[in-house]
Amino acid sequence: GAGVSQSPSNKVTEKGKDVELRCDPISGHTALYWYRQRLGQGLEFLIYFQGNSAPDKSGLPSDRFSAERTGESVSTLTIQRTQQEDSAVYLCASSLAVQINNEQFFGPGTRLTVL
Amino acid sequence: KQEVTQIPAALSVPEGENLVLNCSFTDSAIYNLQWFRQDPGKGLTSLLLIQSSQREQTSGRLNASLDKSSGRSTLYIAASQPGDSATYLCAVKGGSRLTFGEGTQLTVNP
């Protein structure tokens with residue numbers, strides 16, 4: 001596709017349920033990032049993937065959060081046993097490579113609401 | 001730890017006015033700085049990217065400057081229009097990640 005796509009666009013879930021968010025990066029982009037934006041706050045880095053290298057998971061807030069990426073394609077962010085404080089917009093971005101000064105292109109985000 | 005601050009948090013101006021948004025960062029060891037626009041309920045649109053070796057970038061009515069040594073960047077918007085109303089985010093890249101400010105919410109009144 002022409003840009004980064006994310007699905008679903010909106011997700012409402014009950015506390016304690018697991019959710020899975022999907023990101024399709026721009027074709028050819030080897031680097032993929034996940035960020036979280038809570039209401040009224042800036043974006044927080046969660047995790048990035050670069051090709052087949054080990055991902056940088058240093059931004060994940062707890063062990064309930066995990067992410068996977070197969071090769072240089074789709075990534076999924078999984079949140080287990082969701083809590084109300086997980087409510088946020090989850091944004092995915094991709095770029096040509098992490099080590100190069102390339103621009104990050106963002107998807108439209110998934111708005112997660114935990115009741 | 002890198003910290004990015006944007007001032008003001010909100011700004012309301014009449015149409016046609018020139019304006020400046022400010023961004024400051026605490027660690028000058030950055031690769032680049034990006035300005036984004038975020039519309040309500042939408043993702044981020046990249047406006048300008050300034051590499052650490054550059055001093056400014058221009059695109060249409062937008063001009064962004066970077067003073068890495070003092071940890072400052074400004075986004076200048078000329079002849080503002082109601083369609084410019086959005087939240088403007090500044091982000092610096094150090095290593096693999098972008099560190100964002102909390103944004104300036106701009107309203108341009110017709």
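Details
Conditions tested, residue by residue: (1) free of Cβ contacts under 8 Å to residues at least 12 places away in the same chain; (2) facing chain A (nearest Cβ under 10 Å); (3) among the polar types (S, T, N, Q).
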{"residue": "B:29", "(1), (2), (3)": "no, no, no"}
{"residue": "B:33", "(1), (2), (3)": "no, no, no"}
{"residue": "B:58", "(1), (2), (3)": "yes, no, yes"}
{"residue": "B:61", "(1), (2), (3)": "no, no, no"}
{"residue": "B:75", "(1), (2), (3)": "no, no, no"}
{"residue": "B:90", "(1), (2), (3)": "no, yes, no"}
{"residue": "B:102", "(1), (2), (3)": "no, yes, no"}
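- Filtered by the rule that a residue be part of a loop (DSSP other than H, G, I, E, B) and touching a strand residue (DSSP E or B) at 6+ places or on another chain (Cβ under 6 Å), region A:9-29 gives A:15, A:25, A:26, A:29.
- Criterion violated by residue B:18 - all others in (1) at pLDDT 95 or above; (2) closer than 29 Å to residue A:90 by Cβ satisfied: (2)
- Where strands (runs of 3 or more DSSP E) fall entirely within region A:42-115, those with at least 3 residues that are aromatic (Phe, Trp, Tyr) and within 13 Å of another protein chain (Cβ to nearest Cβ) are at A:43-50.
- Tally of residues being surrounded by 14 or more Cβ atoms within 10 Å (Cβ to Cβ) and closer than 19 Å to residue B:97 by Cβ across region A:22-56: 23
- Tally of residues being of a type in the set (A, V, I, L, M, F, W, C), part of a strand (DSSP E or B) and within 11 Å of chain A (Cβ to nearest Cβ) across region B:1-21: 1
- Residues in region B:27-45 that are surrounded by 15 or more Cβ atoms within 10 Å (Cβ to Cβ) and in a loop (DSSP other than H, G, I, E, B): B:28, B:30, B:31, B:43.
- Qualifying residue in region A:2-21 (condition: exposed (fewer than 14 other Cβ atoms within 10 Å of the Cβ), within 10 Å of another protein chain (Cβ to nearest Cβ), of a type in the set (Ser, Thr, Tyr) and touching a residue at least 12 places away in the same chain (Cβ under 8 Å)): yes
- Residue that is surrounded by the fewest Cβ atoms within 10 Å (Cβ to Cβ) [pool: residues in region B:46-62 that are charged (D, E, K, R) and in contact with a Ser or Thr (Cβ under 7 Å, 6 or more places away or on another chain)]: B:55
- Within region A:3-57, the residues that satisfy the criterion of being over 16 Å from residue A:67 (Cβ atoms) and small (Gly, Ala, Ser) are A:3, A:5, A:9, A:16, A:27, A:28, A:40, A:42.
- Verdict on residue B:24 being away from every other protein chain (no Cβ under 13 Å), under 16 Å from the mean Cα position of the chain (by Cα) and assigned to a strand (DSSP E or B): yes
- Failed item, numbered, when residue A:16 is tested on (1) in contact with a Lys or Arg (Cβ under 8 Å, 6 or more places away or on another chain); (2) at pLDDT below 95: (2)
The values are calculated or read from the model by the stated rules, or taken from the named source; none is laboratory data. These figures come from a predicted structure and were not determined experimentally. Cβ sites come from the backbone with ideal geometry, for glycine too, and all protein chains shown count toward neighbours.
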